[in-house]
Structure formats: structure tokens, C-alpha cells
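Asker: Here's a structure for you.
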Amino acid sequence: MFRMKYLLVFIALFGIVFAKQAKHTRGGKKTNIVVKGKKYTYWYLKKGDEAQFDITGYANAKIYVRTQGGSEQNITVNMDDKKVESLTIKEKTSKLTSSKKLGIITKAKTIPIKIPRGKHILSVHSDDGKILVRVTYKKKSSDITMAPQKHDGGMVLVVGEQELGYYRSSKNKAVEYILNGGGTVTLYTRLIFSPAMLGTQHYKLKVQIDSEKPTIYEFETVASSVSYFRGDGKVIPGKAKKIKIKIPEKKHKITIQPEGTVPVAVRLMIPISLLKAK
């Protein structure tokens, strides 16, 4: 619970922007692996090979490296021909996927790299063995994910190699945010399925600003086939639904609660300008 709390705080502070795959310009052979039904593109490198990627900053890049199961490999990461990382990759074997190039492979080792302003070449060099490399990046966003003041429990949604912070809202305990207005926020909501819930489900979500009459949103959704909640195999996330909410000037309380008995998971993203407003 202690580790989960701090992971959610980290996600809330830095926000979530879906990562894009970096443009590959040279080196290695393209290959795909499938994790939980989702396909990811990697580049296969042998000893002495180097893969290069073009990235424009400001951005946060992530390098994912997988090796053959049970092996250790050394790699070097360069930016514009200057070394920024040199490390040994030694990860546990993945139970979720394999590779046509390497057979049984490890879980991905994630290497974060900050990309400064301008155009840059990020390269990964295989020093002594066979590896799989993938590079993604996120442009720094003007929106961040905000943690609520009240909720029915924090949840970490895993989608492929990404983690998103969500908060549970139930009939007995709503999610509540206190925030500064004068702009539009984005609310993502997912119905929380139990194993007994099958097929398409209909649900209503009540969103209230201060003591005003609440707005009722209605959705139809199905269980997600590409995501899950970390640490809780008894519940299944529905596919995400998105709402845009205009918040008036000054400070307001936003209350979010399901109309029925089935709980929902919610995530609120706000412009940085609202966070800084007084």
C-alpha cells in the first residue's frame, strides 16, 4: 500500500500523455512482439549493431530493451554521438510474450532519457550480444493529471508498457476535486467490471459543480482487452470514456459519482494554467 501511494502521487504530479514511437532512421532489423494482444515494434540488434532514432525536444523519451531469456547484455546509449548511458541489461524472463528473433525474451528494461529543445539523434549500441530495442517519447504537455482530495481508493491502470493513475468512485464514496476554474478539464471514466459482468454494460455518471444541479452522463462500454488494474485481478477496467467539463472562474468543488451500484474509476486532467491560478 505504501509503494502504491507513492506511485499514484508520482503519476498525479507528472500527468500522462500517451507515448509516440520515435522515428527510426537506421540500424537493426524491424520485428514485432505481442503483449496482451497489443503489437509493439522493436529493432533487433546483434553485437556491434547500432539503431538510431530522430526525436525533437523538449520531450521525455523511454528506451525499452529486451534480451534473450537468461542472458546479460551490455549496451551504450548516445545522443548526438555523445554517451549518455552505459549499462548491463539483466531482467527476468517475460511470461507474456516471446520473439521470432530471440525466442524466449526478458521483460523490458526501461531507460528514461530527457530530450532537450531541438532535433536530436538518439542511438542504442549493442556492445556484446543480441537485443531488442524500442524507443518512445512524450512531448511535455500543458495538461497534467490531478489527484482528488477525496476518493474511494487509488488504482494503477496498466496499458501495455504504460501506467495511468485512476481513482475509485462508488455509491458510498464519491471522488471530489477542489480546483481553480476559468478553463476546461478532461475527465476519463472507466466502469469497473466484476468477473460476472458480461458483454456491453450501460452506466450513468453524476458530475456536480458545488451545489448546482448535477449533470448526468450516460455511457455504454465493454471490458477492456488491453488493460488491467495492477494488484487486483478480481476487477476488470472498461474501455475509457471521455468528458470535457467547463469550470467557471474562481475555486470550485467537483463531485463525481456513479448513479448505480457499480463503481467507476476516474482520472481528471487539467491545464497547468488552472493549477497555477489563484
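The values are calculated or read from the model by the stated rules, or taken from the named source; none is laboratory data. Predicted, not measured: the structure shown is a model, and the values here were computed from it. Backbone-built Cβ (ideal geometry, glycine too); neighbour counts: all protein chains shown. Just so you know, the surface numbers come from the protein's heavy atoms only, side chains and all, with ligands and any DNA or RNA stripped out. Shrake-Rupley method; radii C 1.70, N 1.55, O 1.52, S 1.80 Å.
Asker: I need the full set of residues from the range 216-244 which are touching a Leu at 6+ places or on another chain (Cβ under 8 Å) and crowded, with 17+ Cβ neighbours inside 10 Å, in order please.
Answerer: Y217, F219, T221, S227, Y228, F229, P237, G238, I243, listed by residue number.
Asker: Let me ask something else about it. Being touching a residue at least 60 places away in the same chain (Cβ under 8 Å) and either small (G, A, S) or touching a Gly at 6+ places or on another chain (Cβ under 7 Å) (or both) is the requirement here; does G182 meet it?
Answerer: Details: touching a residue at least 60 places away in the same chain (Cβ under 8 Å): yes; either small (G, A, S) or touching a Gly at 6+ places or on another chain (Cβ under 7 Å) (or both): yes.
Yes.
Here is a yes/no grid of residues against (1) buried (at least 19 other Cβ atoms within 10 Å of the Cβ); (2) of a type in the set (A, V, I, L, M, F, W, C); (3) in contact with a Ser or Thr (Cβ under 6 Å, 6 or more places away or on another chain); (4) over 12 Å from I131 (Cα atoms):
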position	(1), (2), (3), (4)
W43	yes, yes, no, no
K46	no, no, no, no
E50	no, no, yes, no
V65	yes, yes, no, no
S71	no, no, no, no
D80	no, no, no, yes
T88	no, no, no, no
L96	no, yes, no, yes
G103	no, no, no, no
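Asker: Got a number for residues in the range 98-139 being over 11 Å from Y64 (Cβ atoms), basic (K, R) and assigned to a strand (DSSP E or B)?
Answerer: Residues flagged as over 11 Å from Y64 (Cβ atoms), basic (K, R) and assigned to a strand (DSSP E or B) within the range 98-139 amount to 5.
Asker: Are there any pairs, at least 6 apart or on different chains, whose C-beta atoms fall under 7 Å, with the first in the range 100-112 and small (G, A, S) and the second open to solvent by 30 Å² or more (accessible area, probe 1.4 Å) and not in a strand (DSSP E or B), and if so, which?
Answerer: Listed by first residue and then by second, the contacts come to A108/E161.
Asker: Does L205 fit the bill of being surrounded by 17 or more Cβ atoms within 10 Å (Cβ to Cβ), of a type in the set (A, V, I, L, M) and within 26 Å of V35 (Cβ to Cβ)? It would help to see each step written out before you state the result.
Answerer: Values: surrounded by 17 or more Cβ atoms within 10 Å (Cβ to Cβ): yes; of a type in the set (A, V, I, L, M): yes; within 26 Å of V35 (Cβ to Cβ): no.
Answer is no for this residue.
Asker: Could you please let me know if L164 is closer than 26 Å to I33 by Cβ and buried (at least 22 other Cβ atoms within 10 Å of the Cβ)?
Answerer: Working: closer than 26 Å to I33 by Cβ: yes; buried (at least 22 other Cβ atoms within 10 Å of the Cβ): no.
Criteria not met by L164.
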